[in-house]
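Report on the following structure.
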Amino acid sequence: MTLFADVVVPLPVERVFRYLVPERLRGAVRPGVRVLVPFGRRELTGFVVSLAEEPGPDGVSLKEISVVLDADPVFGPPFLAFSRDLARLSYVSWGEVLQSALPPSFLVRERTSVSLTPAGADVARKGGLGKRERELARLLGSRTYTPAHLSRKLRGVDVSGLLARMESKGLVQVRKSVGALEPRRRPRPQKPPADETQLVLDFRAGSVRGEAVDPVFQRLGAGGFASFLIRGPQAGRDALYVALLREVGARSGTAVVLHPEVASTRAFAERLETRLGGVAAVLHGEVPEARREREWRRVREGRVSVVCGTRAALLAPLARPLVFIVDDEHEESYLQERPAFDVRLGARLRAEAEGALLVMGSEVPTVESVHRARKGGWLVELPGEERPASVEVVDAGRDKGLISARLARALAGALAGGGQAVVFHNKRGYAASLVCVQCAFIPKCQRCEIPLVLHKRGGTLVCPLCGESKPAPIACPRCAGRFQARGAGIEAVEEALRRLFPDIPLASFDSDALIRRGDQDAVVRRFARGALKILVGTELLARRRDVPAVSLAAVLAPERILARPDFRAGQRAYQALHRMIRFCAGAEGGRALIQTALPDHFVIRSAAAGDYEAFCREETDFRRLLGYPPFSAMAEVVLEGGSLRGVGGEARRLAEALRRADSSVEVLGPALAAVPRVRGLFRVQIALRAADREAIDAILASSLPPGGGRLSVSVFS
DNA sequence: AGCACGCCGACT
DNA sequence: GTCGGCGTGCTC
């Protein structure tokens, strides 16, 4: 009987393709192996996801798998199932998810090389070529290049079309070759000594048990999927995680610990190292690629029982994972990067697929997670909180100027006592925009259509989205009028502080002042030494964990976050304030000051009081009253494209299809996205609201064009 | 993502 | 009149 295989490819194509399995590859083609397949006129690395005995319904003529790249599958059945669901619910292709689970070297790439034929060189010498053709011939000479290189050199030229024409005329030769065809069957490093893992786990260390966390250990003992949300301070959570990892080691299982950023991953890995010894692999973006591949192999060979890392670690090739830990559950950075998926969703799906425990933790979890965990009875609250001695809220409205008199006094007091201070202002540059006082002209980015930010340091106007910068104009290009600066940025705060404290050493801490990682580290070290007394910082500073506790932590204008057009704005503001206030926790007499135009807003009041409960109650009420998640599910579909006409039409058709599909789903838009244009691409969005996530997924599954392509979806529930 | 097919402006 | 731009659609 003929055998067939279903294959996914690492392209933004949300389909499974069926191939013929030639007789010679019968035994070798198994679910989870990498294969080389003809795809269009290319040869691609694909992943076999299942075998079939039928050619499929639609009578397409099937192609044959050409090569099997693995002797043993790189993906097991639970991983295939998990990645399929993750891809479907994240609206990205299965093949791309699988690709991102492997080291880059596992993708065999087809190399295309272009060279001039003798005939082509001849014609070129005789001047018988068109303008474009001549240029290409000159570029090639007697050498060989890839089409990508050629199109980089010949900007704005359709190289593929040009090459096709020249190839058909016999002027150039286009050759394709595939590298590294042998299945990777490197000599398996002899069985890891069975006791290597055992050796490093220290079971004698005290356990962190208590009534609150007992259910977690019980469920781990019982086996199978269960989830928990741990709300509590970092130290308590870390202790619980380490205890869980010990338990996992005792059961000869493995675990994944996810953190939102490289810095927190490192910090945890170090703590783990001192408490458990070298059982962990560390995977994040700042680990060099070769090292990452080694770590990946260590995990795959079962020589590691814990993987610590940022989101990529979720896809690590662990055998027998018993626990998935997602720390700082509330962090946004769990959403970004491509392929774009929500790590919390991913961790839940993988834990379900593997029959493992999902443990999420945070000191300030999202109200969505708290709501669900309360309802499901899996919220675990740990005692203790790091609160600053005092937090004062200052009404900015009473004062003109960036630094209120109250804040200036507080700063002076802290400095007089020999203390240090941090001042947070989360806005880069000197002024948010320039406005002509005569004609009201606002300089905007040509490609992104948002106001350009004035950077006084460099004397430039910079686009906050695409980074393009140009010299700041002296006068309005339209009417030669004078410009006025609007909206103070961090440079203006630094300037105001220098005026107030001319003799105090201070520095700005933002990505413009300190571009390189090393410079940022150096400034933190100088601050820690006491060589700097005040740091003025953006979010970049707020996310550091290595800044010593200060006498005064000041936050300027947190209401800017509340003004964002996003139902989670309150939550984000609370989390940001929590993070920033924390900088004075632990210092002798440490205090915080929030200078805001909205001193009575419940988010600012509860953040100042360190009262998460109160915040969560009010925020949850607000969500309930306005029908936002977790009391509904929302989705945002963003379409991108080169022309507004094209994207607009596509969006209109999609919105119509969505409205027709299910009248119980609210469809808003299409409208220009909050960021209407990025790097020259127009962005149009459609928002959806429905009773639950299932309704959203159902309507999108039925209405999205099967091509997928230039559109991204985020779902909130 | 590539790559081909198909419809409207500036040049041999 | 064609060459050549990119909008649209497909890849087993």
FRET E, pair A:GLU381, A:SER664, Förster distance 51 Å, beta-carbon r, rounded to 0.05: 0.90
Interchain or long-range residues, amide H under 5 Å from A:ARG591's placed H: A:LEU552, A:ALA553
In sequence order, calculated HN-Hα J values of region A:620-634 (Karplus, 6.51, -1.76, 1.60; Hz; x Gly/Pro): 5, 4, 4, 5, 5, 5, 9, x, 9, x, x, 8, 7, 10, 10
Starting from 0.36 nm per residue, how many nanometres of slack lie between A:SER252 and A:GLU301 once their C-alpha separation is accounted for? 16.2 nm
Of the residues A:LEU402, A:HIS455, A:ALA353, the Cα lying farthest along the dipole of chain A towards its positive end, which is defined by charges on the beta carbon of Lys, Arg, Asp and Glu, belongs to A:HIS455
Using only helices, what value at 222 nm comes out for chain A when you add -39,500 (n - 2.57) per DSSP H run of length 4 or more and divide by the total residues, to the nearest 500 deg cm²/dmol? -10500 deg cm²/dmol
What ranking, highest mean first, results for peptides A:673-686, A:578-591 when packing means the other Cβ atoms within 10 Å averaged over each residue? A:578-591, A:673-686
Could you sort the peptides A:478-486, A:697-705, A:507-515 by per-residue average Cβ neighbour count (10 Å cutoff), highest mean leading? A:507-515, A:697-705, A:478-486
To the nearest 0.05, the calculated FRET efficiency linking A:ALA52 and A:ARG109 through their beta-carbon distance, R0 being 22 Å, is 0.20
Please compute the modelled spin-label separation between A:ALA614 and A:ARG125, points set 7 Å along Cα→Cβ, answer in nm with one decimal. 8.8
Just give me a number: lysine pairs in chain A, eight or more positions apart or cross-chain, with C-alpha atoms less than 18 Å apart. 8
Modelling each spin label as a point 7 Å along the Cα-to-Cβ direction, I'd like the A:GLN484/A:THR144 distance in nm, to one decimal. 6.6
Karplus-derived HN-Hα couplings along region A:510-524 (A = 6.51, B = -1.76, C = 1.60, θ = phi - 60°), whole Hz, x at Gly and Pro: 8, 6, 8, 6, 10, 6, 8, 3, x, 5, 5, 4, 5, 5, 4
Can you pull the one-decimal nm distance between simple spin-label points at A:ALA235 and A:LEU465, each 7 Å off the Cα toward Cβ? 4.6
FRET E, pair A:GLU135, A:ARG338, Förster distance 35 Å, beta-carbon r, rounded to 0.05: 0.55
Along the Cα-to-C-beta direction of A:LEU62, a point sits 7 Å from the Cα; which residues of region A:6-27 have their amide N less than 12 Å from that point? A:6-7, A:17-23
In units of 2.2 N^0.38 Å, what is the alpha-carbon radius of gyration of chain A? 1.08
I'd like the distance separating the alpha-carbon centroids of region A:18-43 and region A:627-658, in whole Å. 37
Under 5 Å between amide hydrogens, which residues at least 5 positions from A:ALA673 or on another chain qualify, with H placed 1.01 Å from N in the peptide plane? A:ARG683, A:VAL684, A:GLN685
Within region A:429-470, whose backbone N sits under 17 Å from a point 7 Å along Cα→Cβ of A:ARG498? A:429-431, A:454-460
Amide H partners (placed H, <5 Å) of A:ARG18, local residues excluded: A:VAL7
For A:ARG543, what charge total do you get from the other residues with a beta carbon under 10 Å from its beta carbon, if Lys and Arg give +1 and Asp and Glu give -1? 0
Under the 0.36 nm per residue contour assumption, what length would be gained going from the current alpha-carbon distance of A:GLU588 and A:VAL262 to full extension? 114.4 nm
Relative packing of peptides A:540-553, A:246-259 - highest average C-beta neighbours within 10 Å first: A:246-259, A:540-553
Zero-based 5 Å bins, Cα pair distances in region A:633-716, whole percents: 3, 16, 29, 26, 16, 7, 2, 0
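Bear in mind these aren't lab numbers, they're just calculated from the coordinates by the rules spelled out. Since this is a predicted model, take the numbers as computed values, not measurements. Note that each Cβ is placed from the backbone with ideal geometry, even for glycine, and that neighbours are counted across all protein chains shown.
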